[in-house]
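Below: the structure, in structure tokens.
The values are calculated or read from the model by the stated rules, or taken from the named source; none is laboratory data. Bear in mind that the values here come from a model prediction, so they are computed numbers and not experimental data. Here Cβ is always computed from backbone atoms with ideal geometry, including for glycine, and neighbour counts include all displayed protein chains.
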Amino acid sequence: MGAALLKTPEKVKEILTALVQNVLIPVTCKIRVLPDLEKTIELVKIIEATGVAAIGVHGRFQSQRSSEPAHYDRIKHVAEVVKIPVIAKLD
């Protein structure tokens, strides 16, 4: 379950860095937002530093289901702090 990696940013960094360095195609990463906005921002900055081409952001917490409203404001914050493209998962 990829969402479990949200709790281990160093492991995310290790995996993405290895992928970026060892494949010939662009690497992207998709995450869910965290309940703590600052932790989400820290995580996306770590992800960006690995060299990924883009980041997808699912606007719900790991515990939330599709019937619950997404946190669009958090996706906006992510897009404002990184220089790579941000792909928003809105449904």
Inset, instruction - Output the qualifying pairs, or none if there are none: Cβ atoms under 6 angstrom, residues six or more apart or on different chains, first residue in the range 42-65 and under 16 Å from residue 25 (Cβ atoms), second residue of a type outside the set (D, E, K, R) and in a loop (DSSP other than H, G, I, E, B). - result: 52/27; 53/26; 54/84; 54/85
Inset, instruction - Please list, ordered by first then second residue, the pairs with beta carbon atoms under 8 Å, 6 or more apart or interchain, first in the range 1-17 and closer than 16 Å to residue 42 by Cβ and free of Cβ contacts under 8 Å to residues at least 60 places away in the same chain, second exposed (fewer than 15 other Cβ atoms within 10 Å of the Cβ) and of a type in the set (Gly, Ala, Ser). - result: 13/49; 16/51
Inset, instruction - Look through the range 4-58, keep the residues that are in contact with a Lys or Arg (Cβ under 8 Å, 6 or more places away or on another chain) and over 17 Å from residue 74 (Cα atoms), and return whichever of them is modelled with the lowest pLDDT. - result: 5
Legend entry - Odd one out for residue 30, checked against (1) farther than 17 Å from residue 8 by Cα; (2) out of contact with any Leu (no Cβ under 9 Å at 6 or more places or on another chain); (3) in contact (Cβ under 8 Å) with a residue 40 or more places away in the chain: (1)
Inset, instruction - Pairs only if they're at least six apart or on different chains, beta carbon under 6 angstrom, first in the range 74-91 and over 17 Å from residue 51 (Cβ atoms), second assigned to a loop (DSSP other than H, G, I, E, B) and of a type in the set (Asp, Glu); list them, first residue then second. - result: none
Legend entry - Residue selected from the range 59-91 under the condition in contact with a helix residue (DSSP H, G or I) (Cβ under 8 Å, 6 or more places away or on another chain) and among the aliphatic types (A, V, I, L, M), by the criterion modelled with the lowest pLDDT: 90
